1. Just to be sure I understand, how many residues within region 111-150 are at pLDDT below 90, in a loop (DSSP other than H, G, I, E, B) and over 22 Å from Tyr197 (Cβ atoms)?
2. Taking into account only those residues within region 193-210 that are open to solvent by 20 Å² or more (accessible area, probe 1.4 Å) and of a type in the set (A, V, I, L, M, F, W, C), which is modelled with the lowest pLDDT?
3. Considering region 278-326 alone, what residues qualify as being hydroxyl-bearing (Ser, Thr, Tyr) and closer than 17 Å to Gly203 by Cα?
4. How many of the residues in region 81-97 are open to solvent by 10 Å² or more (accessible area, probe 1.4 Å) and either under 26 Å from Leu180 (Cβ atoms) or not in a loop (DSSP other than H, G, I, E, B) (or both)?
5. Within region 98-110, which residues are in a strand (DSSP E or B) and at pLDDT below 90?
6. Looking at Ser53, is it at pLDDT 85 or above and either exposed (fewer than 15 other Cβ atoms within 10 Å of the Cβ) or of a type in the set (A, V, I, L, M, F, W, C) (or both)?
7. Mind checking which residues of region 232-249 are touching a helix residue (DSSP H, G or I) at 6+ places or on another chain (Cβ under 8 Å), buried (at least 18 other Cβ atoms within 10 Å of the Cβ) and part of a helix (DSSP H, G or I)?
Amino acid sequence: MALIVTLPIGTPPQDQQMVLDTGSQLSWIQCNKKLPKRTPPTTFDPSLSSSFSVLPCNHPLCKPRIPDFTLPTSCDQNRLCHYSYFYADGTLAEGNLVREKITFPNSQTTPPLILGCATESRDAEGILGMNLGRYSFVSQAKVQKFSYCVPRKQGNKIMPSGTFYLGQNPNSHMFQYINLLTFPQSQRMPNMDPLAYTLGMVGIKIGGKKLNISEKVFRPDAGGSGQTMIDSGTQYTFLVEEAYSKVRDEVVRLVGPKLKKGYVFGESLDMCFDAINSVQAGQAIGDMTLEFENGVEILINKENVLDDVGGGVHCVGIGRSQSLGIASNIIGNFHQQNLWVEFDLSNKRVGFGKVECK
């Protein structure tokens, strides 16, 4: 499940579909000529754009040990700047770093921005990197505010595309806001992502019952473990062990006998039910609430607690962070359905508002 936006890129513009990802920095477009041809085309053709240029090897960004990328950039055989970018789920995108213009919905065009032109990725869509890094789309294009809503998933059906605003959202007067947690350079820690959108989460309720989880579990410790980030590019929500075990204990207490024994979906979700038990299980678990500072809450109705993962199996959309090899809490897009999520960068805050997302 992903939020896909279409942006016109290049001169003249070519419409490119990109996954909106608030958890990563580098934006990249799909330039893999070996992918099957589609109508309309999904692959960007650099030869058709007069504003396209590739970064040469002597560009400062192509020096080894640039901290902004998960693998160092390098020089390819054509003396052009090559990048490799690993994501938390193990997928890899690689190609050349390029400069290209993007046209906003109001027909304004950005100056040339640094993007990846991926030649080895098999994904149909590119990535629109929206985190706080200096090479993200929001940083390079100087975006002060953006918002989106993720439509509710209907079983395994393809969803409508959702809505994306760059700039002011006309519904923002209804939003509840929480301040982003920020960390000075001197406080950077090994297990922490300083470029993520970090929220002050304080607790979890299941069926109206507040679980006995210390607030400290949702805050970075001395090594950075425990950071709680909101990420549009991760599907499910992942919790560190101290929080996950309390959620699982409560689910077992409520519906233990109905759980699908020994079953794990996608190496991450282990609170799963066969179709025959799923409706009763969802009803018995009840609503789930993620609680934040300022009394702000994300309410997940009992109908949306379980995800249809296929084959008649339904799973609670929460996994262990450990299964991703990270020590952070991530609020994924499954728990952002039918919700406006606004990133107000000028005021360093995130807003939430209920919506029937189309």
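1. 7
2. Leu195
3. Thr289, Ser321 - these are the residues of region 278-326 that are hydroxyl-bearing (Ser, Thr, Tyr) and closer than 17 Å to Gly203 by Cα.
4. 10
5. Thr103, Thr109
6. It is true that Ser53 is at pLDDT 85 or above and either exposed (fewer than 15 other Cβ atoms within 10 Å of the Cβ) or of a type in the set (A, V, I, L, M, F, W, C) (or both).
7. Within region 232-249, Ala243, Tyr244 qualify.
Rundown of residues vs (1) over 24 Å from Ile213 (Cα atoms); (2) among the aliphatic types (A, V, I, L, M); (3) touching a strand residue (DSSP E or B) at 6+ places or on another chain (Cβ under 8 Å), yes/no style:
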| position | (1), (2), (3) |
| --- | --- |
| Gln283 | no, no, no |
| Leu290 | no, yes, yes |
| Glu297 | no, no, yes |
| Gly317 | no, no, yes |
| Val355 | yes, yes, yes |
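The values are calculated or read from the model by the stated rules, or taken from the named source; none is laboratory data. What you see is a predicted model, and the numbers here were worked out from it, not measured in a lab. Cβ sites come from the backbone with ideal geometry, for glycine too, and all protein chains shown count toward neighbours. In case anyone asks, the SASA skips ligands and DNA or RNA and just uses the protein heavy atoms, side chains included. Shrake-Rupley method; radii C 1.70, N 1.55, O 1.52, S 1.80 Å.
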